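Comments concern the structure below.
Read-outs throughout are calculated quantities, based only on the coordinates presented, and are distinct from any laboratory measurement. Treat the numbers as computed from the prediction; the structure is a model and nothing was measured. As a convention, Cβ positions derive from the backbone with ideal geometry for all residues, glycine included, and neighbour counts pool all protein chains shown.
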């Protein structure tokens, strides 16, 4: 799948590389929630975040927007878990119509939804952009491990 990145997005990706030395594969400017969502190369997440989140705070100061980062993974299950972090994803199920249902630990449902649905919107954008899959339902389930 070929994606075109506009000048503004390329500028934000380059700014991240200069400030953190981490590689961003993509950048989504989300005007609705006034944030920038970076898709970070697998293995570069620690470098991108920095010690105790210092790089994220630095990026927020420089760009004047909230910064969110998601680590890329070629497997849709691991990618979905990364999108919903720090919420505990206990299961993922592909439904007949091609949608992806995500099951969240009951205590983490609020985190998985996000304020005003911002985390669900981020998951919807990233899943459709990288896996050509729609996000179905985000459901609460008791953790089987607890």
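For the stretch 85-139, a residue qualifies if it is within 15 Å of the chain's Cα centre (by Cα) and at positive phi, and the qualifying residues are 114, 117. Condition check: touching a helix residue (DSSP H, G or I) at 6+ places or on another chain (Cβ under 7 Å) and farther than 26 Å from residue 12 by Cα. Does residue 89 satisfy that? It is true that residue 89 is touching a helix residue (DSSP H, G or I) at 6+ places or on another chain (Cβ under 7 Å) and farther than 26 Å from residue 12 by Cα. Being over 20 Å from residue 6 (Cβ atoms) and crowded, with 18+ Cβ neighbours inside 10 Å is the filter here; which residues of the stretch 29-55 pass it? Of everything in the stretch 29-55, those that are over 20 Å from residue 6 (Cβ atoms) and crowded, with 18+ Cβ neighbours inside 10 Å turn out to be 44, 48, 49, 55. Does any residue of the stretch 74-89 turn out to be surrounded by fewer than 14 Cβ atoms within 10 Å (Cβ to Cβ) and over 18 Å from residue 126 (Cβ atoms)? Looking through the stretch 74-89, none of the residues is surrounded by fewer than 14 Cβ atoms within 10 Å (Cβ to Cβ) and over 18 Å from residue 126 (Cβ atoms).
Just so you know, in the stretch 92-133 the residues that are in a loop (DSSP other than H, G, I, E, B) and out of contact with any helix residue (DSSP H, G or I) (no Cβ under 6 Å at 6 or more places or on another chain) include one that is surrounded by the fewest Cβ atoms within 10 Å (Cβ to Cβ), and it is 96.
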